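Notes follow once the structure below has been shown.
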Amino acid sequence: MPENNFKENQRFSLKRETHFKETEEKIRKFWEKEKIYKFDSKSKKKIYSIDTPPPTVSGKMHMGHAFSYSQQDFIARYKRMRSFRIFYPFGTDDNGLATEKLIQKNLGIDLRKKTREEAVEICMNFLKKELPDFIQDWKNIGMSCDFSILYSTIDDNSRKVSQKSFLELAKKKLVYRREAPILWDVVFQTAIAQAELQDREMDSYFSDLVFKLENGEEFLIGTTRPELLGACVAIFVNSKDKRHKKLIGKYAHTPLYNVRVPILSDEKVDMEKGTGIVMCCTFGDLTDVEWYKKYELPLKMLINPDGTMNEKSGKYRGMKILEARKAIISDLKIHGLLKNQKKITHVVQVGERSGEPIEIINSMQWYVKYLDRKKEFLKASGKLNWFPKHMKHKLDNWIRGLQWDWSISRQRHFGVPIPVWYCKKCNETIFADEKQLPVNPFNHKPLKPCGKCGSKDVIPERDVFDTWFTSSSSPQLAISLMPFGLQGKLFPMSLRPQAQEIINFWLFYTMAKSQFIYGKNPWDDVTISGVVTLEGEKMAKSKGNIVNPREIMNEYGADALRYWAASSKLGEDMEYQEKELVAGKKFINKLRNSTRFVFMNLKNKPKKPKKLEKDDVEFLGKLNKVIDISTKYFEDYEYHKAKIQIEDFFWKYFCDYYLETVKKVVYQGNGDKRLSAQHTLYHSLLTILKLFAPIMPFITEEIYQEYFKKYEERNSIHVSEWPTSGKEKYLGHLDILKKILSRINQYKSNKHLPLNTPLEKISLPKKDYNIVSDYAERFQASSGAIVLNVGKEFKIEEGKSSNRKKSN
């Protein structure tokens, strides 16, 4: 018998269920002390590796985190009990705009007004202080990660991995730097990628402005961006539009600015929108960018990186965009150049982090070239095992809709530096040597002089990588922390679990980079979680419908929260309902009470008798069926279906039926009959605990430590073996017995009789009688039937004894 490692004052007592917070803390400390979830790098067992999503350090854990991370942990815990070596690291994504936003808000500062050195120092000091508390939230919900394999996307190793991936892409001629139109966030004053855009409905005005041909003839153009009039470089009509075909090839003058611009044709012009005539400004939208390149139009930029108007806008210089829009509308009215104005609601693209409309400006940026690889990406998507399958369409649609190469440079202080310099003499790009990684171009020099002119005088790159460029190396960020000889066995990884809203970000970028560098997918399986809603709407701070998981765990415990998360299948949005937490708490209490009953009647682990009673064989046969079905569901990542099966068996078969039918035999029985019931009680309760352990790790560990550990070989239920079905076959009799007993109990309840009231006679149809008679001893003891008889139909005769009890 293995020694119990718990000191007496650390034992988990089921008598103290009201102090679940204290018990959960003790269990967490036990897991950490005993290194229950530590990855065994020397074991010969098969590896199951998980590319754990590094949560963004942007505040506290929210319900979406608790929901999706619990679901991935169900899988990890199940696989661990199936004797896999689980590589389950934990990381934090903490070098992006979200983290900067949090730091600026908490400290009340503007990082852009600090020097690079000051900003980096402030951010690193903040993270050093905040990360332990941030990570604790994930420990509190019972994540079974190996927290000793911990990375931050800004630590030295992550910077090295990120910079190395850039150099590998550079060797393959897949990165380039050029000045070109770029999506720009005026709040954070940095470039952003297409994946970082969100569509948002906003109120605006559609204004019809007066333009004039050179002969003085007037025509109207409708726009929502009149502040860009000074950037108008051409006018377009559709050549199929009979109304305006005569304008093609002529010139017009813009209102207020009176600039002469050509009138061109392009079939992209929507003849049904507005007046059917549009102005091309550099830049109002992606169509403007396309026409700018296609027709080699001049460049006129009116908007500064900070969202103010520049000197080319004239009298509107220094105004914010909306301020300039109002001013120019006022001037158009004064000069009679605004004919119509209509209030509209339209979709505007905003920055995912700032929530403000993005602009398109011309800027020097670094890119990963991938627009010509769409077919390759679609093929890679098809090779992944998707759970659920329909989520594949989200990625495929995103790939087909790509319009920009991947912009990877950001104009910020805090981030992973791009490892390049520029020769001061000939402007040649000088890439860092892999030996000097991680490198900060501001603090280091290239190992070799310029390969083109030989000069050693260089200018450091100021930009940093987009955080997604680093996060897209998440498999390598974790694997690189392992011994070199093991790294090849960990990649590709087994599973990427993640939320559906970042399929376009994290999943796509990781897959794309892996295809470029390694020529294969980074994982075998992908599981996608849904979102948490409240009254049908996604939880969001801006909507004021946030539920704090800390508060939920303080009231109900982590297991109840995980029980709720297990009620939803992968990819399905989940409505937050407190009744599910109440149900989870009820389940926990019932599990405790059932355990107390079982061990009140067991002095030690009962030996299995040479022959089990027929009742027990049938019950264990039903349990074997539940084991097989639940195992298949877990294998298919359908934990919610497994939960339904296990919970149904626990309530209806174990508690409502079996515990009731064995009371007399465990109280008064002897010999092998009693031993058979005791063995079945022990085995079935332990099996139920193991089946539910992936979903509710705290209560199952608590009961295992208190009652089972002294008899079992494993230190924790979470490293014990997953149940396998035995030889007992299920004949289907248990369902019939349970149904008949339920009718008897309902009869007694309707008659206001105690459930232990004896009944003179119970008549059953012959088919039911033949089955029940095989289990007569326990059935009669639990039902109170003195005589079982064959009849045409189900019938109960109370007799004198029941009448006496009723009158009392």
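The values are calculated or read from the model by the stated rules, or taken from the named source; none is laboratory data. For clarity, every value in this text was computed on a predicted model and none was experimentally measured. As a convention, Cβ positions derive from the backbone with ideal geometry for all residues, glycine included, and neighbour counts pool all protein chains shown. The protein model used for the area step is the full one, side chains on, heavy atoms only, and it has no ligands, DNA or RNA in it. Shrake-Rupley method; radii C 1.70, N 1.55, O 1.52, S 1.80 Å.
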How would you classify the stretch 299-449 from its alpha-carbon gyration tensor, with a ≥ b ≥ c the square roots of the eigenvalues: rounded for a/c under 1.5, else prolate if a/b is greater than b/c, otherwise oblate? oblate
Give the peptides 651-664, 61-74, 125-138 in descending order of average Cβ contacts within 10 Å, highest first. 61-74, 651-664, 125-138
Starting from the Cα of residue 774, step 7 Å toward the Cβ, then list every residue of the stretch 703-733 with an amide N under 15 Å from that point. 728-733
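Pop out the carbon and sulfur fraction of the accessible area of the chain as a percent, whole number, probe 1.4 Å.
48 percent
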Extreme residue, positive dipole direction of the stretch 563-697, given options 697, 574, 594 (C-beta unit charges): 594
Could you sort 672-683, 303-314, 271-282 so that the peptide with the highest average Cβ count within 10 Å comes first and the rest follow in order? 672-683, 271-282, 303-314
Between residue 739 and residue 270, what FRET efficiency comes out of the Förster formula 1/(1 + (r/R0)^6) with R0 = 60 Å and r the beta carbon distance, rounded to 0.05? 0.35
DSSP-defined beta bridges in the stretch 464-569 - what % are antiparallel, rounded to 5: 25 percent
Give, rounded to the nearest 20 debye, the magnitude of the charge dipole that the stretch 619-736 has about its Cα centre when Lys and Arg contribute +1 at Cβ and Asp and Glu contribute -1 at Cβ. 420 debye
Unit charges at the beta carbon, dipole of the stretch 606-668: most positive-side option, 640, 620, 650: 620
Distribution of pairwise C-alpha distances over the stretch 635-794, 5 Å bins, in %: 1, 7, 14, 17, 17, 14, 11, 8, 5, 3, 0, 0
With every protein chain left in place and a probe of 1.4 Å, what is the accessible surface of residue 52, to the nearest 10 Å²? 0 Å²
Mind listing the Cα extents of the stretch 132-189 along all three principal axes, in Å, largest one first? 47, 33, 17
Suppose every K and R has +1 on its Cβ and every D and E has -1 on its Cβ; what is the size of the dipole of the stretch 131-229 about the Cα centre, in Debye to the nearest 20? 940 debye
Across the alpha-carbon set of the chain, Rg over Rh with Rh taken as the Kirkwood radius works out to 1.10
Dipole in debye (nearest 20) - the chain, about Cα centre, beta carbon charges: Lys, Arg +1; Asp, Glu -1: 2160 debye
Sorted largest first, extent of the stretch 67-198 alpha carbons per principal axis (Å): 54, 43, 31
What is the stretch 33-168's relative contact order, in percent, from Cα pairs under 8 angstrom and six or more apart in sequence? 36 percent
To check you understand DSSP bridge types, tell me what percent of the beta bridges within the chain (both residues inside) are antiparallel, rounded to 5. 70 percent
Quick one: if the Förster radius is 60 Å, what FRET efficiency do residue 248 and residue 489 give, using the C-beta to C-beta distance and rounding to 0.05? 0.40
Taking the Cα-to-Cβ direction at residue 345 and at residue 755 and moving 7 Å from each Cα, how far apart do the two end points lie in nm? 5.5 nm
With r defined as the distance between the Cβ atoms of residue 115 and residue 435 and R0 fixed at 30 Å, what FRET efficiency is calculated, to the nearest 0.05? 0.55
Would you calculate the separation in nanometres between label points at residue 583 and residue 746, each defined as 7 Å from the Cα along the Cα-to-beta-carbon direction? 2.1 nm
Angle check, please: helix 639-648 long axis (alpha carbons) against the longest principal axis of the chain (alpha carbons), in degrees 0 to 90, nearest 10. 20 degrees
For the Cα atoms of the chain, what angle does the longest principal axis make with the long axis of helix 508-518, in degrees from 0 to 90, nearest 10? 80 degrees
Let me make sure I get this right: for the stretch 551-630, a, b and c are the square roots of the gyration tensor eigenvalues over alpha carbons, sorted descending. Under 1.5 in a/c it's rounded, otherwise prolate if a/b > b/c, else oblate. Which is it? oblate
The answer for the net charge of residues other than residue 165 whose Cβ lies under 13 angstrom from its Cβ, with Lys and Arg +1 and Asp and Glu -1, is +3
In nm², the average projected area of the convex hull spanned by the Cα atoms of the stretch 208-255 is 3.5 nm²
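Arrange the peptides 239-252, 399-412 so that the one whose residues have, on average, the most other Cβ atoms within 10 Å appears first.
Top of the packing list down: 399-412, 239-252.
Please say if the stretch 695-758 is rounded, prolate or oblate, where rounded means a/c under 1.5 for a ≥ b ≥ c the square roots of the C-alpha gyration tensor eigenvalues, and otherwise the choice is prolate for a/b larger than b/c and oblate otherwise? Spell out each step's value before the answer.
Values: a/c = 3.55, a/b = 1.97, b/c = 1.80.
Prolate, since a/c reaches 1.5 and a/b exceeds b/c.
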Crossing angle, helix 671-692 versus the chain [Cα axis fit, 0-90 degrees, rounded to tens]: 10 degrees
Tell me the label-point distance for the pair residue 157, residue 258, using the 7 Å Cα-to-Cβ offset, in nm and rounded to one decimal. 6.8 nm
Can you tell me, using C-alpha contacts under 8 Å and at least 6 residues apart, the relative contact order of the chain as a whole percent? 15 percent
State in Å² the accessible area per residue of the chain; use a 1.4 Å probe, count heavy atoms of protein chains only, and round to the nearest integer. 46 Å²
